[in-house]
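Undergrad: The structure follows.
Read-outs throughout are calculated quantities, based only on the coordinates presented, and are distinct from any laboratory measurement. Being a predicted model, the structure only gives us computed values, none of them experimental. All Cβ positions, even for glycine, are placed from backbone atoms using ideal geometry, and neighbour counts span all protein chains on display.
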Amino acid sequence: MNFMQKIYLLLGLYLSITGIWPIIHLNSFLFITGPKNDIWLLKTFSLLLIAVGITLILSSKYKNVPAPLIILPLLISSALLFADVYYPLIGKIRPVYLLDGIIQLLFISLILYKKLNNIKSRDAN
């Protein structure tokens, strides 16, 4: 399993687990993250996280993935990072979401590090 396959697998598992949590145990999720006005929206968002997570897990089985899937982990982590930082800063959600932001920043950093190294290696040849 190469570096990007591991990233796909880890991010896919992380998104799937965080997506499943409010569906299987809403009370503990709300206890940690705070009350929500629209539970249907929370569950819809959770299902989307699970869908992306499963897509990434399945993609981790392939050494070469199609171009659109190459950018998916970077885009999903970037979108979540924005929400995880912006909304606590304006007081819409609890600061606990900043922890997820750190995790998303880690995934973004690993992906960009690998992609930049690939470009450098290709240019050196």
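Undergrad: Each residue of region 20-34 in order: what ³J(HN,Hα) in whole Hz does its phi give by Karplus 6.51 cos²θ - 1.76 cosθ + 1.60, θ = phi - 60°, with x for Gly and Pro?
TA: 6, 3, x, 7, 8, 8, 4, 4, 5, 5, 5, 4, 7, 9, x
Undergrad: Another question, then. Using a Cα-Cα cut-off of under 22 Å, which lysines could be cross-linked to Lys63, ignoring same-chain neighbours fewer than 8 residues away?
TA: Within the straight-line cut-off, Lys63 pairs with Lys6, Lys114, Lys115, Lys120.
Undergrad: First check a/c for the chain, with a ≥ b ≥ c the square roots of the eigenvalues of its C-alpha gyration tensor; if it is under 1.5, answer rounded, and if not, answer prolate when a/b is larger than b/c or oblate otherwise.
TA: Prolate shape, in that a/c is at least 1.5 and a/b is the bigger ratio.
Undergrad: Give me the distance in nm between label points sitting 7 Å out from Cα along the Cα-to-Cβ direction at Lys115 and Lys63, one decimal.
TA: For Lys115 paired with Lys63, the spin-label model returns 2.2 nm.
Undergrad: Could I ask something else about it? Taking the alpha-carbon centroid of each part, what is the distance from region 97-122 to region 27-74 in angstrom?
TA: Taking the Cα centre of each part, region 97-122 and region 27-74 sit 18 Å apart.
Undergrad: What angle do you read, to the nearest 10 degrees and between 0 and 90, between the alpha-carbon axis of helix 97-124 and the longest principal axis of the chain?
TA: Orientation of helix 97-124: about 10 degrees from the principal axis.
Undergrad: If you don't mind, there's one more thing I want to ask. What are the ³J(HN,Hα) values, in whole Hz, obtained from phi via the Karplus relation 6.51 cos²θ - 1.76 cosθ + 1.60 with θ = phi - 60°, for each residue of region 82-93 in sequence order, with x given for Gly and Pro?
TA: Listing the rounded values in order: 4, 5, 5, 9, 5, 5, x, 5, 9, x, 7, 9 Hz.
Undergrad: How large is ³J(HN,Hα) for each residue in region 50-59, as worked out from phi by the Karplus curve 6.51 cos²θ - 1.76 cosθ + 1.60 (θ = phi - 60°), to whole Hz, x for Gly and Pro?
TA: Along region 50-59, the couplings run 5, 4, 5, x, 5, 4, 5, 4, 5, 5 Hz.
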